[in-house]
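Undergrad: Before we start, here is the structure in question, set down as structure tokens.
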Amino acid sequence: QKSGADSLTIHLREDRRHINDEDLRKIKKNISIPVNLEMAPTLEMLEIALKHRPNYVCLVPEKRRELTTEGGLNIKKNYKVIKKIVKKLNFKKIRVSFFIEPNIKDIMLAKALGASCVELHTGKYCRLFLKNKSTTKVLSNIKKASIYAKKINLEVHAGHGLTYKSIKPLLKIKTISELN
């Protein structure tokens, strides 16, 4: 915040390996910039979000053994619980976004469930970029997904694995408003 950040994103994982509940409490108490809480779509995490009232919640997939998030949220598989979570967060005026793969089907589901934002997973693009392989098709998918999401009035973010070099082509996609 003192260095000029516009917001702070924190990921409260179920195993608490990044931060814990007390960290979340202290962060919310001691900063004035918006807090984006990344969390798994579980009822336990929902209760924590409702208690601490972050400005934003980004629903992300979470597997115990992964080092970092490995892909987008499977909305279809978790539809009923996600619907309940989004409804409660929206009722409390907490903006909800979904961390998803850049495809139209997931964007449509996110919109139908009441998300106001999507974050498109750029992991596949970044892996190809780092290996000096063609990124044309993946970038095209990200762009198409971004344009569609914006068209149906979803705010569009993108991120995962980005570097100062790999981010440059994504900066040309004008429908993406935030890169992480």
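Read-outs throughout are calculated quantities, based only on the coordinates presented, and are distinct from any laboratory measurement. All values derive from a computational prediction rather than experimental measurement. Note that each Cβ is placed from the backbone with ideal geometry, even for glycine, and that neighbours are counted across all protein chains shown.
Undergrad: Taking the Cβ of residue 149 as the center, what net charge do the other residues with Cβ under 9 Å away carry, scoring Lys and Arg +1 and Asp and Glu -1?
TA: Summing Lys/Arg as +1 and Asp/Glu as -1 gives +2.
Undergrad: Also: In square nanometres, what is the average projected area of the Cα convex hull of the stretch 119-180?
TA: Dividing the Cα hull surface by four gives the mean projection, 3.6 nm².
Undergrad: Here's something else I'd like to know. Among the listed pairs 131/165; 28/51; 51/105; 137/174; 2/168, give every one whose C-alpha distance is greater than 21 Å.
TA: Violating the 21 Å limit, Cα to Cα: 51/105; 2/168.
Undergrad: Let me know the Rg and Dmax you get for the stretch 1-54 when you use only its Cα atoms, in Å.
TA: In order Rg, Dmax, the Cα atoms of the stretch 1-54 give 11.1, 34 Å.
Undergrad: Once the principal axes of the Cα atoms of the stretch 83-137 are found, what is the range along each, listed largest first in whole angstroms?
TA: 45, 18, 13
Undergrad: Hey, any idea what Rg/Rh is for the stretch 65-180, computing Rh the Kirkwood way over Cα pairs?
TA: Here the Rg-to-Rh quotient is 0.98.
Undergrad: Need the C-alpha centroid separation for the stretch 108-141 versus the stretch 15-38, integer Å.
TA: For the stretch 108-141 versus the stretch 15-38, the Cα centre distance is 27 Å.
Undergrad: Now for a different question. So if I place +1 on the C-beta of Lys and Arg and -1 on the C-beta of Asp and Glu, and nothing else carries charge, what would the dipole magnitude of the chain be about its Cα centre? I want it in debye, nearest 20.
TA: 460 debye
Undergrad: Could you check what % of the DSSP bridge pairs in the chain are antiparallel, to the nearest 5?
TA: Of all bridge pairs located within the chain, approximately 0 percent are antiparallel.
Undergrad: What Kirkwood Rh does the stretch 1-160 have if only Cα atoms enter the pairwise 1/r average? Answer in Å.
TA: Hydrodynamic radius (Kirkwood, Cα pairs) of the stretch 1-160 is 16.3 Å.
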